[in-house]
Amino acid sequence: MTPPAETKTGFEKICALYEWLLRLVVHILVVVSGLSVLTIMLVTCADVILRLKWINRPFVGAYDIVKIAGALSLAAALPYTTAVKGHVAIEYFFQKFNRRGRLVLDTVVRLLGMALFAFLAWRSVLYGLAFHRNTQVSLTLELPIFWVPWVMAFCCAMVVLVIGYNLVHPGREMIKP
């Protein structure tokens, strides 16, 4: 049972605020992911309708918008999927270990996952910096796209924080699906 708010120590208050902020950001990112999928659907439908024989006007920039929205939807969904433990797990091998072996294996896999996503975040920042330096733009609309890898880096960093939360709180989801 959690103690009343007035009896919490400073550290417990900071941890509660951290968890609340982490959940808030993960929920915001899943909304961004959903809106990105909606954008893909609407732009694709509009492009198909505009290409009909009697209109014959393709949606200029549809490819660029769908490509950017696809990257955003995938990246923004990762923290939520990690928070609800929605990733595929190979239970067959996991069940072959005893309780201690499972704990060690789970910890090692989580630490490797944190290292992988931290590396992906770092490389995405560098990729975005390279786009910014070279003034990289999208093909048709010529929109600057340096920010897309930066959003992906932020999402990967959020996955690292969610995995860290799961490492500290084993056996429970950060967010109930």
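Residue-level analysis places V25 outside the set of residues that are in a helix (DSSP H, G or I), in contact with a Phe, Trp or Tyr (Cβ under 8 Å, 6 or more places away or on another chain) and either modelled with pLDDT of 90 or more or surrounded by 14 or more Cβ atoms within 10 Å (Cβ to Cβ) (or both).
In this entry, F154 passes the filter for residues that are within 24 Å of V30 (Cα to Cα) and of a type in the set (F, W, Y). Kindly evaluate M114 against the criterion of being of a type outside the set (D, E), assigned to a helix (DSSP H, G or I), surrounded by 14 or more Cβ atoms within 10 Å (Cβ to Cβ) and at negative phi. Answer is yes for this residue. When segment 96-139 is filtered for residues that are modelled with pLDDT of 95 or more and among the charged types (D, E, K, R), the ones remaining, listed by number, are R123, R133.
Quick one: in segment 48-89, which of the residues that are among the polar types (S, T, N, Q) and touching a helix residue (DSSP H, G or I) at 6+ places or on another chain (Cβ under 7 Å) is surrounded by the most Cβ atoms within 10 Å (Cβ to Cβ)?
Pass one, segment 48-89, residues among the polar types (S, T, N, Q): 56, 73, 81-82.
Then drop every residue that is not touching a helix residue (DSSP H, G or I) at 6+ places or on another chain (Cβ under 7 Å), which leaves 73, 82.
Values: S73: 18, T82: 24.
It comes out as T82.
Cβ-Cβ contacts under 7 Å between residues 6 or more apart (or on different chains), taken from a first residue in segment 126-152 that is under 19 Å from L72 (Cβ atoms) to a second residue that is acidic (D, E), are listed as S138/D64; L139/D64; T140/D64; L141/D64; L143/D64.
Taking the conditions (1) of a type outside the set (S, T, Y); (2) assigned to a helix (DSSP H, G or I); (3) within 17 Å of the chain's Cα centre (by Cα); (4) surrounded by fewer than 18 Cβ atoms within 10 Å (Cβ to Cβ) in turn, A121 satisfies each one other than (4).
The values are calculated or read from the model by the stated rules, or taken from the named source; none is laboratory data. Remember, predicted model here, so these are calculated numbers, not experimental data. Backbone-built Cβ (ideal geometry, glycine too); neighbour counts: all protein chains shown.
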